[in-house]
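A.B. asks: The structure that follows is given in the form of structure tokens.
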Amino acid sequence: TTSSDGKISTHHTSSGKRMHLMEEQNNPLLCMDLNPTQTLFATGGHQKVVKLYDDETKTLIREVHGDYNNVAHSNRIFSVNFHPSDHDLLASGGWDNIVVFYDIRKKTVIGNCLGPHICGDAIDMKGNYILTASWKNKQQIKIFDIRTYKLVEEIDWEYKTNDHTTYLY
């Protein structure tokens, strides 16, 4: 688990006992994801950078930043998501209206998609596509092709109550 005080903890599932506790200094954490092989996990939060950890040793492997050619985050990160079958692909999204893709072997940003305003655990990848949910009043759901980083479809979530638009987290 992660928490807004920067703590990362692991717990034994059946007993609920905390097995390990670590802290990212001055970084309220907002999200984390474990890769499909359960060897790495990634975190994101206020520091606008994705951090990659070795799950066995609980040590920081690297911080993944953008570069001149590939823009990274400029605001809080609310979602990180490993691809379920491409174990080297990681995506993140947040308040800056961008989804950032990382190849963890290359240790850098490999591309991005513009548009989604992510405010929660609102990224999911399957096959060649990524689905995002945005905190917006229209076109809250966006689907992108992760091979080209191009928008495939936008969907208005039209559920309304008492004339209030639904914002997705």
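The values are calculated or read from the model by the stated rules, or taken from the named source; none is laboratory data. These numbers were taken from a predicted model, which means no experiment stands behind them. For neighbour counting, all protein chains shown are included, and Cβ atoms are generated from backbone atoms with ideal geometry for every residue, glycine included. Just the protein is used for accessible areas: all its heavy atoms, side chains included, with ligands, DNA and RNA removed. Shrake-Rupley method; radii C 1.70, N 1.55, O 1.52, S 1.80 Å.
A.B. asks: For residue 15, all conditions in the list (1) in contact (Cβ under 8 Å) with a residue 40 or more places away in the chain; (2) small (Gly, Ala, Ser); (3) more than 16 Å from residue 119 (Cα to Cα) hold save one; what is the number of the exception?
C.D. replies: Residue 15 satisfies every listed condition except (1).
A.B. asks: Residues being open to solvent by 50 Å² or more (accessible area, probe 1.4 Å) and farther than 21 Å from residue 21 by Cα: count how many of those fall in region 60-71.
C.D. replies: Qualifying residue count for the region: 5.
Yes/no matrix, rows are residues, columns are (1) farther than 24 Å from residue 119 by Cβ; (2) modelled with pLDDT under 95; (3) crowded, with 19+ Cβ neighbours inside 10 Å:
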{"position": "20", "(1), (2), (3)": "yes, yes, no"}
{"position": "39", "(1), (2), (3)": "yes, yes, no"}
{"position": "43", "(1), (2), (3)": "no, no, yes"}
{"position": "73", "(1), (2), (3)": "no, yes, yes"}
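A.B. asks: Read through the list (1) touching a Cys at 6+ places or on another chain (Cβ under 8 Å); (2) free of Cβ contacts under 8 Å to residues at least 12 places away in the same chain; (3) among the β-branched types (Val, Ile, Thr), then give the number of the only condition that residue 98 fails.
C.D. replies: Every condition holds for residue 98 apart from (2).
A.B. asks: Something else now. Name the residues in region 100-111 that are closer than 14 Å to residue 147 by Cβ and crowded, with 20+ Cβ neighbours inside 10 Å, would you?
C.D. replies: Answer for region 100-111, where residues must be closer than 14 Å to residue 147 by Cβ and crowded, with 20+ Cβ neighbours inside 10 Å: just 101.
A.B. asks: Quick one: how many residues across region 144-155 are outside any strand (DSSP E or B) and exposed (fewer than 13 other Cβ atoms within 10 Å of the Cβ)? Talk me through it step by step, then tell me what you get.
C.D. replies: Of the residues in region 144-155, the ones outside any strand (DSSP E or B) are 146-149.
Next cut, exposed (fewer than 13 other Cβ atoms within 10 Å of the Cβ) only: 147-148.
Of the residues in region 144-155, 2 are outside any strand (DSSP E or B) and exposed (fewer than 13 other Cβ atoms within 10 Å of the Cβ).
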